[in-house]
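Down below is the structure, laid out as structure tokens.
Derivation of every value follows stated rules applied to the coordinates shown; laboratory data play no part. As the structure is a prediction and not an experimental result, all values here were calculated from the model. Note that each Cβ is placed from the backbone with ideal geometry, even for glycine, and that neighbours are counted across all protein chains shown.
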Amino acid sequence: MRQTILTGDRPTGPLHLGHYAGSLAARVELQRSHATYILIADLQALTDHADRPEEIRRNVIEVALDYLAVGIDPGVSTIVVQSGVPELAELTGYFLNLVTVARLERNPTVKEEIRHKGFGGEIPAGFLVYPVSQAADITAFKAHLVPVGADQIPMIEQTVEIVRRFNRLYGAILVEPEAVVPRIARLPGIDGRSKMSKSLGNAIYLSDLPDVITDKVMRMYTDPRHARVEDPGQVEGNVVFTYLEAFDPDRAGLEKLKERYRAGGVGDVPLKHHLVDVLHDLLAPIRTRRQDLARHPEQILRILKDGTERGRAVAQATVTEARRSMHLDYETAPWDRQAS
Ligand code: TRP
């Protein structure tokens, strides 16, 4: 039997290179050999953007454009809008009984996000429990594999715990998922900070124009001790090399370049120009496809509608099964039960 993949993104803005390296490239590669579901997680986006629903709705379309532009094929992959599948909220409700508040507060990714988002002590309850709703996303589709960046590994761990607890209490109907983590598990932002993100303003977007990309690469952080061209340079922790590691298709050429940089004699400007070329080669066809697709919004909407309907049918089947195993099935509701 073909294995199932589920993964997703919050529609809080256009997707960037961090998404590409972390998960999009793997999805494109795996979509023909796996049953692939890709979730545009608008409900999850509301957990920290409750005041901006129109923005999230607009971004659903932007994210769909990014998916199609990078090569997600709607003929083989199913793109699902989370809010179109209310069964996910239902499953989240059942799962909430299977985790403790203390466990939620220990999730390292959520902890880091809480620090960065400046909730100032006013953490939305929905935000704290979003890993539980993510567990519902993954299990509703009975996913075996979840391609994600390193920051999402705690979510998969929490999902596995919930699945085990559910299966033990109610019967083994849910699938334990596994994370698929890429070669470059965490792409830093152009400032060298841990993660590329919209809120830190350090991202290169898939839809950035060539001049913008060049400008961002030229501002990138390299090795501060590599002041003169002749100085030996450090490759590890050098953001330009991390990006080349992620995106340069010429692996042998990259190994040679690293050696020369370490020995001294390669300047940061030509090094950055090389990265600019690599990124232009990667992003130019994506940008062109995106512009073509954006001219036919009605096609995008049809793809989302079809995908959401197909995805909903899968989630409905799982929830029906879950309810039955929890003695909540409609067919045997207390008021329907024959006196026996
Ligand atoms: N939390 C993910 C992110 O921040 C998005 C997401 C929502 C997701 N549901 C998912 C990822 C299910 C993998 C599986 O981008």
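Annotations for the structure displayed:
- Positive-pole candidate from Ser33, Val101, Ala172, dipole of the chain, charges at beta carbon: Ala172
- Nearest-20 debye value, segment 140-258 charge dipole, Cβ charges on Lys, Arg, Asp, Glu: 420
- Assigned charges on the beta-carbon of Lys, Arg, Asp, Glu; the chain dipole about Cα centre (debye): 320
- Listed residues Leu91, His116, Thr47: farthest to the positive end of the dipole of segment 46-132 (Cβ charges): His116
- Taken about its Cα centre, segment 1-151 carries a charge dipole of about 380 debye when Lys and Arg each add +1 at the Cβ and Asp and Glu each add -1 at the Cβ.
- Under 5 Å between amide hydrogens, built in the peptide plane, is the criterion, and for Val81 it picks out Ile40, Thr308 among residues at least 5 positions away or on other chains.
- Spatial separation of Cα centroids for segment 264-340 and segment 17-73, in angstrom: 5
- Ordered by the count of other Cβ atoms within 10 Å of each Cβ, fewest first, Ser199, Ser33 give Ser33, Ser199.
- For Gly233, residues with placed amide H under 5 Å, excluding near neighbours: Arg262, Ala263, Gly264
- Exposed GluC sites (Glu not before Pro) absent - longest run of the chain, DSSP non-H/G/I/E/B, at most 13 other C-beta within 10 Å: 1-121
- Cα-derived Rg over Rh, computed across segment 45-168 with Rh taken as Kirkwood radius: 0.96
- Note on segment 284-340: dipole from Cβ charges, positive end direction compared against Pro297, Ala315, Ser325; the farthest Cα belongs to Pro297.
- Proximity of backbone amide H atoms, modeled 1.01 Å from N, is registered between Thr36 and Ile5, Thr78 at under 5 Å, excluding neighbours fewer than 5 places apart on the same chain.
- Estimated Rh, the chain: Kirkwood, alpha-carbon pairs, angstrom: 21.6
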